[in-house]
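J.: Please see the structure below; I have some questions.
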Amino acid sequence: MFTGIVSAVGRIDRVVRTTENGKRTTPGLTLRIRAPFKGLKTGESIAVNGACLTVERAVKGGFSVHVVETTEGRTLFGEYAPGRPVNLERALRAADRLGGHIVQGHVDGVAVVTRLERRGDAWVYDLRVPAAVRQVSIPRGAITVDGVSLTINDLPGEDLVQISLIPFTREHTTLGTLGVGDRVHVEGDTLGKYVRELCSTAR
């Protein structure tokens with residue numbers, strides 16, 4: 001479980017799909033990520049651009065995770081290359097402050113930035129999101145974008161969600177570099193998903 005409050009921006013150090021002799025091993029891929037975290041342990045969960053992944057190996061200055069086929073199929077990890085920055089968050093502890101909202105780290109799909117506009121000291125972005133995410137989105141509700149907990153500013157279209165980024169978020173996460181056409185991981189609000197399911201089964 002996470003809160004969507006990014007604690008560090010890491011960087012993809014290596015992407016591994018094959019063995020040394022060039023033969024494909026297990027499905028999926030392994031990412032080696034440079035990160036400033038101390039005390040990482042094998043087996044703990046960490047959110048990488050919003051996707052909950054398991055630390056397979058922890059080393060000084062970083063860690064490695066394996067991305068299974070199902071996760072690769074609904075994320076952009078298959079396109080990641082060395083040098084790419086990623087938002088990171090370690091799993092929530094019971095005594096931690098819930099600074100964002102309840103985030104499971106289960107990416108629902110990929111959204112596309114369709115428009116951006118500066119409004120005063122903030123930047124407003126329109127995202128074209130998957131239908132399942134749009135269905136659980138409400139104004140002033142929550143959405144997770146590349147692992148960042150954000151408030152939904154507006155719903156400007158049937159498949160659109162509008163978010164607003166303050167300067168701090170732009171400076172301390174990867175979202176500050178987003179432009180029109182860029183794609184991001186999105187996770188819809190967990191509570192909204194339960195309400196949708198309850199309403200659909202009550203008919």
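Read-outs throughout are calculated quantities, based only on the coordinates presented, and are distinct from any laboratory measurement. Predicted model only: the values in this text are computed from it and were never measured. Here the Cβ positions follow ideal geometry from the backbone for every residue, glycine too, while neighbour counts run over all protein chains shown.
J.: Within the stretch 9-118, which GluC sites (Glu not before Pro) sit in a loop by DSSP and count at most 15 neighbouring Cβ atoms inside 10 Å?
T.: When the GluC sites (Glu not before Pro) of the stretch 9-118 are filtered for loop state and at most 15 Cβ neighbours within 10 Å, Glu20, Glu44 remain.
J.: Let me ask something else about it. Relative contact order for the stretch 33-113: what is it in percent, counting Cα pairs under 8 Å that are at least 6 residues apart?
T.: Values: 96 pairs, mean separation 26.4, N = 81.
In percent, rounded to a whole number, it is 33.
J.: Sorted from fewest to most neighbouring beta carbons within 10 Å, what does the list Asp146, Asp13, Asp96 look like?
T.: Asp96, Asp13, Asp146
J.: Give me Phe2, Phe37, Phe77, Phe168 ranked fewest to most by other Cβ atoms within 10 Å of their Cβ, as a rough exposure proxy.
T.: Phe168, Phe37, Phe77, Phe2
J.: Here is a follow-up. Net charge near Val107, counting Lys/Arg +1 and Asp/Glu -1 over other residues with Cβ under 10 Å of its Cβ?
T.: Working: positive: Arg74; negative: Asp108, Asp146, Glu187.
Charge balance in the 10 Å sphere: -2.
J.: What net charge is computed for the residues neighbouring Gly10, neighbours being all others with C-beta under 12 Å from the C-beta of Gly10, Lys and Arg scored +1, Asp and Glu -1?
T.: Within the 12 Å Cβ shell, the charges total +3.
J.: With +1 on each Lys and Arg Cβ and -1 on each Asp and Glu Cβ, and nothing else charged, work out how big the dipole of the chain is about its Cα centre, in Debye to the nearest 20.
T.: 560 debye
J.: Still on this structure, I have one more. Against the longest principal axis of the chain, how steep is helix 190-201, in degrees 0 to 90 to the nearest 10, with axes from Cα atoms?
T.: In the chain, helix 190-201 runs at an angle near 70 degrees to the longest axis.
J.: Determine the relative contact order of the chain: mean sequence separation of Cα pairs under 8 Å and six or more apart, normalised by residue count, in whole percent.
T.: 23 percent
J.: Here's another thing I want to ask about it. For the stretch 60-203, what does the alpha-carbon gyration tensor say about shape, rounded, prolate or oblate, given a ≥ b ≥ c as the root eigenvalues, a/c under 1.5 as rounded, and a/b over b/c as prolate?
T.: rounded
J.: Could you run the Karplus curve 6.51 cos²θ - 1.76 cosθ + 1.60 with θ = phi - 60° over the stretch 53-64 and give me ³J(HN,Hα) per residue in whole Hz, x for Gly and Pro?
T.: Ordered by residue, 3J(HN,Hα) equals 10, 9, 5, 8, 8, 10, 10, 4, x, x, 6, 10 Hz.
J.: For a test of the definition: using alpha carbon positions, the gyration tensor, and the 1.5 limit on a/c, classify the stretch 8-90 as rounded, prolate or oblate.
T.: Because a/c hits 1.5 or more and a/b exceeds b/c, the stretch 8-90 counts as prolate.
J.: For a quick check: with amide H placed at 1.01 Å from N, whose amide H comes under 5 Å from Val6's, ignoring anything fewer than 5 positions away on the same chain?
T.: Counting only residues 5 or more places away or on other chains, the set is Ser149.
J.: Given the rule -39500 (n - 2.57) for each run of at least 4 DSSP H residues, summed and divided by the residues of the chain, what is its mean residue ellipticity at 222 nm, to the nearest 500 deg cm²/dmol?
T.: About -3500 deg cm²/dmol.
J.: Which one of Thr75, Thr54, Gly10 is farthest out on the positive end of the charge dipole of the stretch 8-90, using unit charges on Cβ (Lys, Arg +1; Asp, Glu -1) and the Cα centre as origin?
T.: The Cα lying farthest towards the positive end belongs to Gly10.
J.: Under 5 Å between amide hydrogens, which residues at least 5 positions from Asp182 or on another chain qualify, with H placed 1.01 Å from N in the peptide plane?
T.: Under 5 Å from the amide H of Asp182: Val113.
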